[in-house]
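Report on one structure; see the data block that follows.
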Amino acid sequence: MDPDTAMRMLDDREREVAHRLTRLLDDEASLRHDRADANADDEHDPEGSTLSGEWAQVDALRRGAEAERAEIAAARERVAAGAFGTCENCGRPVADARLEVLPFARRCISCAA
């Protein structure tokens, strides 16, 4: 895959991640506000999921998005070094179809399995 195509794919993915992070940070702020207004014993709330459970879920999703952003940055470095699309394990090319789905893939499908 040529470097320009790789960078466009990484740019697109980075925009998606930035949008997701914005939503998740908004969700965290909302939960923080709700938690300040709620009673401290939400574990026994008969209404369903607890604020603590929702907080943990949003936090995990946010950490995942931040990790994806770090992987995108590392992929940009591989593009600059001419190593983008080369499996870090076996040195064979990573299939373009895999990179289209996961533009920061470090390994070919065989090695990833």
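Below is a table of values for the structure above.
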item: Arg69 vs. criteria touching a residue at least 40 places away in the same chain (Cβ under 8 Å), within 20 Å of Met7 (Cβ to Cβ) and assigned to a helix (DSSP H, G or I); result: yes
item: Complete set of residues in segment 24-36 that are under 13 Å from Glu66 (Cα atoms) and surrounded by fewer than 16 Cβ atoms within 10 Å (Cβ to Cβ); result: Leu25
item: Selected residue (only one of Arg107, Arg69, Arg92, Arg98 is modelled with pLDDT of 95 or more, closer than 30 Å to Asp27 by Cβ, among the basic types (Lys, Arg) and surrounded by fewer than 18 Cβ atoms within 10 Å (Cβ to Cβ)); result: Arg69
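The values are calculated or read from the model by the stated rules, or taken from the named source; none is laboratory data. From a predicted model like this one, the values you see are computed outputs, not experimental measurements. All Cβ positions, glycine included, derive from the backbone under ideal geometry; neighbour counts span all protein chains shown.
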